[in-house]
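A short write-up of the structure that comes next.
Just so you know, all these numbers are worked out from the coordinates, no wet-lab data involved. The structure displayed is predicted, hence computed values, not measured ones. FYI the Cβ positions are ideal-geometry reconstructions off the backbone, even for glycines, and counts take in every protein chain you see.
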Amino acid sequence: MPIEIVLSMANSDTEWEKIGGSEPYWGVLTTEEYKRKNLTPASRQEFFNSGEEYVKQIFEIISSYIDRDFNPSLGIDFGCGVGRIAIPLSKRCKQVIGVDVSPSMVAEAKRNCVLFNITNIDFVDDLSKIKQKVDFINTVLVLQHIETNRGTNIIEDFVEKLTPSGIACIQVPYSIERSPIKSVLKSIVDKSSLAQKMYNIMMKKDVNAPIIMMNDYDITRILKLLAKKNINKIFILTEKYDKNSRVFNASLFIKK
Ligand SMILES: C[S@@+](CC[C@H](N)C(=O)[O-])C[C@H]1O[C@@H](n2cnc3c(N)ncnc32)[C@H](O)[C@@H]1O
């Protein structure tokens, strides 16, 4: 076994490209109906309807609690996947930038833009490529899949990228319930690509099958970080607890 394979860290970016290339819709919403073999025009429509509904809800919250006249010009959807959120967002912003680390996800998102006749979304693979300030940033179902130190730095970058009256809607899991055995297993698998391969063999999967990391964040650390950036007004929406997923999610609406 080459030493670099033994020592190399598990990397969520390469895992996402594997998912983007094989099961991009299921990678976003992991139910059987969104596997390629099961996708129908109706289920595809349902997939995008869920994005429309999400965008409608967050704009209602912004208008009710944060800024009644919010009318963003440039918006970012961080971790845009196949465009489920970026496409409806493009109807509320003059321009949208979808950020996604997986080229295959972006390729599918571009195909969907053509399908829906959307011409005001650009795509980049990294937040650092966006040089201008933006009015709105959204991220949902993304940070949980990113290692928490990196994810916390990304939240800090969001704040830097916002215009003086900009708003961000950041969904972040603040607790994931796991059995002690699963916690130990996760800490090993997350740290080594060799452990990932062994885990896949143990689970009787393809040795290189993608593994989606699930992380919960220290909410106190995030609030402290926001306070240090002079963000003192935060609207927090906690999501309904789902005993099957055991993930406690919060959406932080922040205004600069
Ligand atoms: C579960 S999908 C969610 C997609 C989209 N937010 C939605 O709700 O429809 C997660 C997406 O985040 C992307 N992603 C993961 N890590 C990322 C990173 N560090 N930078 C940008 N995108 C990332 C993945 O490639 C994937 O497309």
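The table for this structure:
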quantity: When residues of the stretch 123-171 are limited to those that are more than 22 Å from Asp190 (Cβ to Cβ) and of a type in the set (Gly, Ala, Ser), the one farthest from the ligand (Cβ to nearest atom); calculated: Ser165
quantity: Selection from the stretch 40-92 of residues that are β-branched (Val, Ile, Thr) and farther than 14 Å from Asn138 by Cα; calculated: Thr40, Ile66, Val82
quantity: Within the stretch 35-75, considering residues that are of a type in the set (D, E, K, R) and in a helix (DSSP H, G or I), the one farthest from Pro88 (Cα to Cα); calculated: Lys37
quantity: Members of the stretch 12-60 found to be within 13 Å of the ligand (Cβ to nearest atom), of a type outside the set (S, T, N, Q), free of Cβ contacts under 8 Å to residues at least 12 places away in the same chain and over 30 Å from Phe70 (Cβ atoms), listed by number; calculated: Trp26
quantity: Some residue of the stretch 171-181 being within 18 Å of Arg150 (Cα to Cα) and in contact with a Ser or Thr (Cβ under 7 Å, 6 or more places away or on another chain); calculated: yes
quantity: 3 or more residues closer than 19 Å to Ile212 by Cα, β-branched (Val, Ile, Thr) and under 16 Å from the mean Cα position of the chain (by Cα): qualifying strands (runs of 3 or more DSSP E) within the stretch 76-153; calculated: none
quantity: Within the stretch 80-122, considering residues that are of a type outside the set (A, V, I, L, M, F, W, C) and touching a strand residue (DSSP E or B) at 6+ places or on another chain (Cβ under 6 Å), the one nearest to the ligand (Cβ to nearest atom); calculated: Gly98
